[in-house]
Every structure is written in structure tokens, then in C-alpha cells.
1. What is the magnitude of the charge dipole of the chain about its Cα centre, with +1 placed on the Cβ of each Lys and Arg, -1 on the Cβ of each Asp and Glu, and no other charges, expressed in debye to the nearest 20?
2. So what J values fall out for region 196-210 if you push phi through Karplus, 6.51 cos²θ - 1.76 cosθ + 1.60 with θ = phi - 60°, rounded to Hz, Gly and Pro as x?
3. Determine the equivalent ellipsoid of the chain by diagonalising the alpha-carbon gyration tensor, then write out the semi-axes as square roots of 5 times the eigenvalues, largest first, rounded to whole Å.
4. Report for region 64-208 the percent antiparallel among DSSP-assigned beta bridges with both residues inside it, nearest 5.
5. If every alpha-carbon in region 106-188 counts as one equal scatterer, what log10 I(q)/I(0) does Debye give at q = 0.15 1/Å?
6. Within 14 Å, Cβ to Cβ, of V138, how many net charges do the neighbouring residues add up to if Lys/Arg are +1 and Asp/Glu are -1?
7. Report the far tail of the P(r) of region 131-259, meaning the percent of Cα-Cα pairs longer than 26 Å.
8. Quick one: if you stick a label point 7 Å off each Cα along the C-beta vector at Y288 and R167, how many nm between them?
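The values are calculated or read from the model by the stated rules, or taken from the named source; none is laboratory data. Note that the structure is predicted; figures quoted are calculated from it, not measured. Please note: Cβ atoms are built from the backbone with ideal geometry, for glycine as well, and neighbour counts cover all protein chains shown. Heavy atoms of the whole protein, side chains included, go into the accessibility calculation; ligands, DNA and RNA do not. Shrake-Rupley method; radii C 1.70, N 1.55, O 1.52, S 1.80 Å.
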Amino acid sequence: MLRFGFPKGSLEAMTGQLFERAGYRMSFPERSLFPSIDDPEIEGVLIRAQEMARYVEQGVLDAGITGHDMIVENQSRVRELAELRYAKTSFRPTRWVLAVPEDSEIAGVKDLAGKRIATEAVGLVTRWLDEHRVKAQVEFSWGATEVKPPLLADAIVEVTETGSSLRANKLRIVETVLESTPRLIANERAYVDPWKKRKLDRMALMLTGAIAAQGKVGLLLNCPKDNLPKVLALLPALSSPTVSPLADGRMVAVNTIVDETRARELIPDLADAGASGIVEFPITKLVY
């Protein structure tokens, strides 16, 4: 049995969707901390991302998913098996940023000397200030960090995807402290176990394959051999398109993968270049 930690909170829904695309069937009961998964060899538990790395390091969990920022914040000794580039609302990294009121004179980390900073990542911010040899007062924020300047803090270090919440509270971003993406992590001792290692390596392959396929579609088409150079010149192939001869000897079949956003412009261009029988199909996993 593999005891696995799923992140509770902002990443919960997106993590469930990722596992679904990777081929797992999951459900998150509303009043339970034990999600169900259609793999009888995985025992799932919902844990706050802030605590995940600590429990994995201690061996309470064999593995789990948490942000790189929380690994750094807790200075946890865990094995990182895969970077999973997704967030609460997008597939971009989240950022811990230094933000100040719009009219603040603070323009960089050196201007924080003697100032009060509110954040939920005290360890991360303290070490960042030490790296820049700046002494400031760092206070733990229990939430609603954006509303604390200027009355309760001179500046904040907060996590954001788009910066919209900061702008809504009349704050401007001064600089980025850390970029973070979710990581699949494992307990060092658990990963030595051959059965658990194989289980986790296969899970990592499927999860990263599902992420790689996001926003991609497959294209299958036929074209005369004489038109093949013109067709291939249009294709922004993932590697090299697969070209196969057809039975009549005059036509070839071309199979490739492209960005979904390009398909609507690309398909008419391919038709103009002599392609026919063009089929666009979804892909759920892409393993390099």
C-alpha cells in the first residue's frame, strides 16, 4: 500500500483533474479527508500543502504533492520526483512577491531595512532577507495579508498567480522572491523500497504526460506525394511528423501533434496545400 497525500485547499480541485487526465478515477467526499481513488494500492489522505512536506519527510506519508515553496519554507528533506506545472487557476507558476502600497517609497529589498513585513512564509522571507543582508521585522500573517499595508505592515510577501488581488488592494509588486510549482515528492526511505519506487515512477510518468498533453491536439491527414513538402513546411511538429505511404502508392498519411490554438488556422492552410481527410483528435497524455 502506498500512503499518498493530496493537497487540500486551493490545489485540491486542479489536482483531482490532473489525476483524472492521467487515467485515475477520483472523488473527494465533502466531509471526509480520505479521497477515493480507483487504484486499490493507493491510500489517499487530504493534507494542507503547507504541512505536506513535513509529513512526507517524517514518513507519515510515503509521498504527496505540494508546492516547491512549501518545501523551501519548511526546509524539508524529501525526494522530488517530478515538477507538475499547474496552479489554482492556470498552468503558470505561482510567485511569492514583495508588494507595497502604490505610494510607498520602497523600491527594492534594500529599502526594507527596519520595516515590518507581513507574510505566511516567515522562513522563506527571513532567509531571503538574510541573503541580502537586510534586517527587518517579519511577522506571520494568518490571512487577509493584502489588507495589512500600510496600517499593520510596511510591506507584504504574498503568493499570487495573476497579481489581480494585489492590484485590487492598491498594492504594487516590487520584486519576485520565489517562483513555485507543485512537486511530486517522496519520503527518502519509501523511495528505496523497490515496489514503492516503481509505483511512484509510473505515477510520475502518467502525471507529467497528462500535463505535457494540455493544450495539444493530434492531426491526421492524407496528401499526394507531390504535395508533401508543402504540407510538411506548414507543420510545427513536436518532433518529426510520421509519414506513411498509402496503398494506392500516390498518397501518404501524415500524423503529428500541434498546439490546439494553432489548429483553426493550420487546418485551412493544409487543405489549401492539398491535404484531405484531415482529422483533429484530442490527446490526453504525451510522454517524451
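1. On the way: 37 positive and 39 negative charges, 84 e Å.
About 400 debye.
2. Listing the rounded values in order: 5, 4, 4, 4, 6, 5, 5, 4, 4, 4, 6, 5, 5, x, 5 Hz.
3. 44, 27, 16
4. Working: 21 of 28 bridges.
Close to 75 percent.
5. Log10 I(q)/I(0), no solvent term: -0.56.
6. Once positives and negatives cancel, what remains is -2.
7. When every Cα pair of region 131-259 is considered, 62 percent fall beyond 26 Å.
8. 3.2 nm
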